[in-house]
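Structure first, then comments.
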Amino acid sequence: MATSTRAFAAWLIMMALAPSVAAAQLATPAPPVVPLAGTAPQVQNSPDTEGEYVLGPEDVLEIEIVGQAEKARARVYTDGTVQLNLVGKIEVAGKTPRELGTIIASELKKGGFYANPVVNVEVANYASRYVTVLGAVASPGLVPINRRYRLSEILARVGGVQESGADYVIVRPENGPEQRYLIEKLATGDSNDDPYVTPGDKIFSPAAEVFYISGQVNSPGTYAVKQGLTIAQAIARGGGLTQSGSDRKVSVTREGKKIKLDSSAAVEPGDVVVVGERLF
């Protein structure tokens, strides 16, 4: 009985001291902010992160610790690192925002700042990954790549190809040969006809090559040569025949030589098409 009484008394003393111990723990200052001594934990890409934006120099990040009111902003240095309070210097180039959030949370936990933090990282300004779009498009310039984009999506983001543009675009990657893609097939073909672009790609929409048509057509002038354009279609582009025009009296000057072509023949860039008059 005496043993039980002593145990109960000890329990009461411990309960009385508990608030003081807790207060002393809370009053202990946090360790100083120092750069990381080692490398950050490696996070392997998984199927869940494929296709996500990959961070790079000059990107501006917005970092939030879930449950905290304030968010921090940081710009990625040109060497691919970022300096963060409580954590120090971290290599971020080549990682996704989700991977970086996992790394920061791990370092905060390792440093004893939080028991089990959840960190969200968002890109406030995309600067490191972009494609360059030039030529006959509505809004040429740099287009940030914040996810995987197909070529048709990039063209849509710059307002599409203008009427003066050719019926194809040229894609020149940083490494590798350039490729040409028909605009019509970007929308109507399969995925091979509408590839994903890669950051650093240069996309160029050249001005359309033209032909000239005159004579007995309603709208003589200069028109773009589209793939598969025939003499008959060229006459239609020129507004069709006048009342005295004849599709049997069509001459074409090509590379300085005059030739005769029927209505199904293909028009080539630089052709001068002249439609003559009927005899009666």
- request: Being modelled with pLDDT under 90 and of a type in the set (Gly, Ala, Ser) narrows it down to one of 37, 136, so name that one.
  value: 37
- request: Would you check which residues across region 140-186 are among the charged types (D, E, K, R) and open to solvent by less than 90 Å² (accessible area, probe 1.4 Å) and list them?
  value: 150, 153, 167, 178
- line: Selection over region 78-102 where residues are in a helix (DSSP H, G or I) and either within 20 Å of residue 115 (Cα to Cα) or modelled with pLDDT under 90 (or both) yields a count of 5
- prompt: Restricting region 101-112 to residues that are open to solvent by less than 10 Å² (accessible area, probe 1.4 Å) and without any contact (Cβ under 8 Å) to a residue 60 or more places away in the chain, which is farthest from residue 53 (Cα to Cα)?
  reply: 108
message: If I filter region 233-244 down to residues being out of contact with any Gly (no Cβ under 8 Å at 6 or more places or on another chain) and not aliphatic (A, V, I, L, M), which single residue comes out as most open to solvent (accessible area, probe 1.4 Å)?
response: 243
field: Subset tally (residues that are open to solvent by 60 Å² or more (accessible area, probe 1.4 Å) and either touching a residue at least 40 places away in the same chain (Cβ under 8 Å) or within 25 Å of residue 198 (Cβ to Cβ) (or both)) for region 113-139
entry: 10
field: Top-ranked residue of region 187-198 - restricted to ones that are surrounded by 16 or more Cβ atoms within 10 Å (Cβ to Cβ) and in contact with a strand residue (DSSP E or B) (Cβ under 6 Å, 6 or more places away or on another chain), ranked as farthest from residue 167 (Cα to Cα)
entry: 197
Out of 247, 201, 271, 262, sole residue that is open to solvent by less than 20 Å² (accessible area, probe 1.4 Å), charged (D, E, K, R) and more than 30 Å from residue 128 (Cα to Cα): 271
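The values are calculated or read from the model by the stated rules, or taken from the named source; none is laboratory data. Bear in mind the structure is a predicted one, so any value in this text is a computation, not a measurement. FYI the Cβ positions are ideal-geometry reconstructions off the backbone, even for glycines, and counts take in every protein chain you see. Calculation scope for accessible area: heavy atoms of the full protein, side chains included, ligands and nucleic acids excluded. Shrake-Rupley method; radii C 1.70, N 1.55, O 1.52, S 1.80 Å.
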